[in-house]
């Protein structure tokens, strides 16, 4: 039976970040997922670190360096889940991220995307202010969400067919 959620993680020279990013996926309270890691031609220990992972839900693909969009598309081609999440190798999630996003989509079958807040950590040695999305009923929510194009890819869970209909990246 395929997993409900496919998580696609492009990796390029990210060995130093993988314990936190992959660790945040392994620590999810929601467990019906697959993590598809795409090593995009790394010259550091990224691929070696990924190969140490023993959880059968973690899948590894190596390819020559083609850039993050090609890596995401390669992961999308392998994805089996009903929902797609993208997590870059230098990002991480709260342990409840997938549980809450999947519950939002399951509770609203007409929706194609669920989104959440986020916070920058470690930028210039500090913490950014948390970004809390506007209430759904907020009249100007689109303007708030897209102001400055600050919406990170890892703050959403999308129905697979919607990503495929958009032809990926």
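Any read-out appearing in this document is the output of simple, stated calculations on the displayed coordinates, not a laboratory observation. As the structure is a computational prediction, the values presented were derived from the model and not from experiment. So basically every Cβ, Gly included, is an ideal-geometry build from the backbone, and we count neighbours across all protein chains shown.
For the stretch 1-58, the C-alpha radius of gyration divided by 2.2 N^0.38 Å, with N the number of residues, is 1.11. Spin-label model, residue 44/residue 115: points 7 Å from Cα along the beta carbon direction are separated by 3.0 nm.
Listed peptides 54-65, 96-107 appear in the order 96-107, 54-65 once ranked by packing, highest mean of other Cβ atoms within 10 Å at the front.
Taking the stretch 83-117 and a reference point 7 angstrom along Cα→Cβ of residue 53, the backbone N atoms nearer than 20 Å belong to 83-102. According to the Cα-based calculation, Rg over Rh for the stretch 9-121 is 0.96, with Rh computed by the Kirkwood formula.
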